Amino acid sequence: MKKEDSIEQIRSSYLPYGRQWIDEEDIAAVIKALKGDYLTTGPYIQLFEQKIADYVGAQYAVSFSNGTAALHGACFAAGIGKGDEVITTPMTFAASANCVLYQGGKVVFADIDYQTYNIDPVEIEKKITNKTKAIIPVNFTGQPVDLDRIFKVAEKYNLIVIEDAAHAIGAEYKGKKIGSLSDMTMFSFHPVKHITSGEGGVITTNNKEYYDKLIQFRSHGITREPSKLNENHGPWYYEMQFLGYNYRLTDIQAALGCSQMNKLDMFVGKRNEIVSKYNEAFKSVHQITIPFQSPEVQSSWHLYIIRLHLDEINVGRKEIFESLQKQNIGVNVHYIPIHLLPYYQQLGYEKGSMPNAEQLYEEIISLPLFPAMTEQDVKDVITIVKRTIEKYAK
Ligand SMILES: *Cc1c(COP(=O)(O)O)cnc(C)c1O
């Protein structure tokens, strides 16, 4: 009865869709931090921030306990508050929009471009009102958005651009590294991302005012900076000047982050090699579309997403997905569009309002992609995906 039972198992072990790379150097770095004088904000924090700022070519980097906290900080620094509207894509992780709600702002979704899967600058402009304060574009899968077109809209309407680059450390837009171009850019160090600190995130910026606000925001709104104090009672004195949070990264995590930064280019290189093999293998399978690559950008390849042509296949996406999982290929779906999540539905966002994102959501499957994949892993994915599609092809 079950067709899958007739498929001979090629893989004996489950291959996840993403996985961190931790080596002896990373372990040694963490041990060294543990033996140091600081477990939280210590020397590794500054070192990690400097490494990231240098790598992306930004003046400042401020680390946070995770990428979501970093986005929250960016929304605060941008002055987003009650009544302000912020435009973002529905085809992303919930955090890209949640950060606006934390600040009491209103999320306004703009639909994606069906070719790049990124937010469509034309749709952004349609959503602008006199309450719009910022745009949060997401470099979905690691492919940079068309920043020049987004900056043009932002300039015209005086909007702040907070780039969600959780997928895109190491990516380039027109020859420049992502992280130095927008008003603020966020990177995440969750273990499925390019580099990890366990949990962690960062905002990069060239703006000193944003930098100062971010530093204070991640530590309760407290400052000891003499030039910023209204009074000074003595050497112990500090002021809490606004409501901030405890969003600090630990020195232990930063030590891991520093060690991982040394391998970032190697990680991106390995992801690129795997993607080339996937593209080569799948470009002739006409029941699927492989990821679009704009010549103006260099993706850092966080995700490899295939789009199924459901009218050329005898079963639904769910059956293909389940069949691949049964064959030990850890597929995933990125993402359920945010406006369809129950919480956002309760806020009044409607199904049908984002046709491109909603259609894409029905058709996509993310294949395993991480630097520690072996040649055999890659071959297995190719063989299993190809024969599964063939089996169900019309
Ligand atoms: C991972 C991710 C985040 C949040 O990062 P965390 O470090 O997990 O909080 C935000 N946006 C996108 C697109 C992400 O993939």
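The values are calculated or read from the model by the stated rules, or taken from the named source; none is laboratory data. Predicted model, so just to flag it, every value in this text is computed and none were measured. Cβ sites come from the backbone with ideal geometry, for glycine too, and all protein chains shown count toward neighbours.
See the values below:
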| item | result |
| --- | --- |
| Test set (1) touching a residue at least 60 places away in the same chain (Cβ under 8 Å); (2) more than 28 Å from G348 (Cβ to Cβ); (3) outside any loop (DSSP other than H, G, I, E, B) - W21 fails condition number | (3) |
| G269, sole failed condition from (1) in the same structural domain as Q50 (by TED's automatic domain parsing); (2) closer than 16 Å to H167 by Cα | (1) |
| Those strands (runs of 3 or more DSSP E) lying entirely in the range 132-226 with at least 2 residues within 16 Å of the ligand (Cβ to nearest atom) and within 30 Å of M373 (Cβ to Cβ) | 160-164, 184-188, 201-205 |
| Filter result for F151 (crowded, with 21+ Cβ neighbours inside 10 Å and either aromatic (F, W, Y) or over 28 Å from Q253 (Cβ atoms) (or both)) | no |
| Residue count, the range 86-111 (criterion: more than 16 Å from the ligand (Cβ to nearest atom) and surrounded by 20 or more Cβ atoms within 10 Å (Cβ to Cβ)) | 2 |
| Every residue from the range 59-77 that is more than 16 Å from the ligand (Cβ to nearest atom) and either surrounded by 24 or more Cβ atoms within 10 Å (Cβ to Cβ) or at pLDDT below 95 (or both) | A77 |
| Residue check, Y344 buried (at least 18 other Cβ atoms within 10 Å of the Cβ), in a helix (DSSP H, G or I) and out of contact with any Asp or Glu (no Cβ under 9 Å at 6 or more places or on another chain) | yes |
| Count of residues meeting criterion [of a type in the set (K, R) and buried (at least 17 other Cβ atoms within 10 Å of the Cβ)] in the range 203-234 | 2 |
| Residue check, Q293 surrounded by 19 or more Cβ atoms within 10 Å (Cβ to Cβ) and in contact (Cβ under 8 Å) with a residue 12 or more places away in the chain | no |
| Residue match in the range 105-125 (condition: more than 18 Å from N207 (Cβ to Cβ), assigned to a loop (DSSP other than H, G, I, E, B) and of a type in the set (K, R)) | no |
| Residue within the range 308-324 that is within 20 Å of E375 (Cα to Cα) and in contact with a strand residue (DSSP E or B) (Cβ under 9 Å, 6 or more places away or on another chain) present | yes |
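The rows are residues; the columns are (1) surrounded by fewer than 19 Cβ atoms within 10 Å (Cβ to Cβ); (2) aromatic (F, W, Y); (3) in contact with a strand residue (DSSP E or B) (Cβ under 6 Å, 6 or more places away or on another chain); (4) under 16 Å from A70 (Cβ atoms).
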residue: Y173; (1), (2), (3), (4): no, yes, yes, no
residue: L181; (1), (2), (3), (4): no, no, no, no
residue: T185; (1), (2), (3), (4): no, no, yes, yes
residue: H194; (1), (2), (3), (4): no, no, no, yes
